[in-house]
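Only the coordinates and a few stated rules stand behind these numbers; no lab work does. Note that the structure is predicted; figures quoted are calculated from it, not measured. Please note: Cβ atoms are built from the backbone with ideal geometry, for glycine as well, and neighbour counts cover all protein chains shown.
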Amino acid sequence: MTTSARKVSPLIGSACLAGLVVLSGVLAGCGSPDDHPATTRPPHGAAPAPSSPSTTPDPAAGRRIPPPPTLAPGPEGLTPVFERRPRSAAPTDEKVVALTFDADMTADEGDRAAAGERFDNPPLIALLRRLKVESTVFMTGRWAEEYPDQARAIGTDPTFEIANHSYSHYAFSSPCYGLPAVEKEEVRGEVERAFAAFRTAGARNVVPYFRFPGGCYDDEALRALAPERVTAVQWDVVGGDAFATDADAVAEQVLEGVTPGSLVVLHCTRSAAPATEEAVRRIVPELRARGYRFVKVSELMRAAPGS
């Protein structure tokens with residue numbers, strides 16, 4: 001894949017509200033990226049450094065434990081990218097799968113939230129707790145600021161871990177399905193500002209992982225992100241829940257795509273992914289019936305080469 005075009009065809013970002021093509025209730029694409037030039041510059045604020053946690057609290061034992069696994073830097077020190085657990089890293093056909101949920105909210109959506117639009121999804125989080133599904137929430141800093149009580153509750157519940165999805169949910173490589181673009185000099189600030197928002201909210205279960213908004217990145221973005229010492233996390237199964245209204249279609253797409261070691265991307269943004277909770281109600285029992293165990297990204301990554 002060329003360094004100028006690393007992006008995922010099915011858009012997963014909640015900020016893309018134009019050019020949608022929905023098939024059978026599942027998002028199939030967001031038009032041509034070239035149709036949506038990204039020109040808006042995100043706000044920037046200073047944040048403490050270092051951004052990613054060096055250790056993780058262990059509330060039960062009252063001590064600090066070693067940090068979650070990360071991958072070694074790539075060629076020329078580029079930020080490493082993790083997509084799924086390779087078969088060679090685990091017992092043959094070990095049936096583990098990681099469900100991840102993007103908590104999307106752009107920096108400029110505050111007025112919409114104030115008007116009543118819900119970028120959170122408490123029923124989904126409650127369902128994951130009831131079903132005891134360990135999972136990773138890729139949260140934007142703006143989401144954590146809008147819903148600090150929820151960010152703290154998620155980030156102190158051992159069922160979950162919180163990873164970084166940038167502060168503004170703007171694209172780190174353009175074009176990217178209509179997302180506004182982050183200026184290259186703002187890349188580190190976007191990551192640091194999000195981690196700062198998690199700390200301010202009181203989240204503790206924060207891992208040094210980062211997900212590019214829209215899944216778009218190139219070598220320049222990986223190079224700019226390298227000083228933050230995070231591992232970028234992509235996926236191998238697209239849930240297709242963004243803007244979808246057919247929960248069964250979302251569930252089918254996940255169930256057809258999962259294989260041992262898969263990493264699934266879904267959403268925790270009610271206004272942009274209203275069918276996710278209902279889809280999860282079907283996905284979880286069916287995968288368990290097939291013998292799958294649900295794990296966080298940190299466990300999925302632990303046995304990966306280079307971690």
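Order 68-76, 189-197, 242-250 from most to least packed using the mean count of other Cβ atoms within 10 Å.
Result, highest mean first: 189-197, 242-250, 68-76.
In nm, to one decimal, how far is the residue 108 label point from the residue 259 one, both placed 7 Å along Cα→Cβ?
Placing both labels 7 Å beyond Cα along the Cβ direction yields 4.1 nm.
Please work out the Cα center distance from region 190-238 to region 142-186, rounded to the nearest Å.
The distance from the Cα centre of region 190-238 to that of region 142-186 comes to 8 Å.
Which aspartates and glutamates have a Cα less than 12 Å from the Cα of residue 296, not counting those fewer than 8 places away in the same chain?
Within the straight-line cut-off, residue 296 pairs with 134, 161.
Give me the extension gain from residue 83 to residue 149: residue separation times 0.36 nm, minus the current Cα-Cα distance, reported in nm with one decimal.
Contour length minus the Cα-Cα distance gives 20.7 nm.
Within straight cross-link reach of residue 132, meaning Cα distance under 13 Å, which aspartates and glutamates are found once same-chain residues fewer than 8 apart are removed?
Once the sequence-local aspartates and glutamates are set aside, what remains near residue 132 is 157.
If I stretch the segment between residue 157 and residue 220 completely, what's the gain in nm (0.36 nm per residue apart, minus their alpha carbon distance), one decimal?
Length gained between residue 157 and residue 220: 19.1 nm.
Please list, or write none, the aspartates and glutamates whose alpha carbon is within less than 20 Å of the alpha carbon of residue 184, excluding same-chain residues fewer than 8 places away.
Straight-distance partners of residue 184: 34, 76, 108, 192, 218, 219, 220, 228.
Can you give me the C-alpha center-to-center distance between region 241-268 and region 280-307, rounded to a whole angstrom?
Using only Cα atoms to place each centre, the spacing works out to 13 Å.
For region 227-266, report the % of Cα-Cα distances exceeding 17 Å.
Tail of P(r) above 17 Å: 38 percent of Cα pairs.
Would you kindly state how much longer the chain becomes between residue 183 and residue 117 on full extension, computed as 0.36 nm times their sequence separation minus their alpha carbon distance, in nm to one decimal?
21.0 nm
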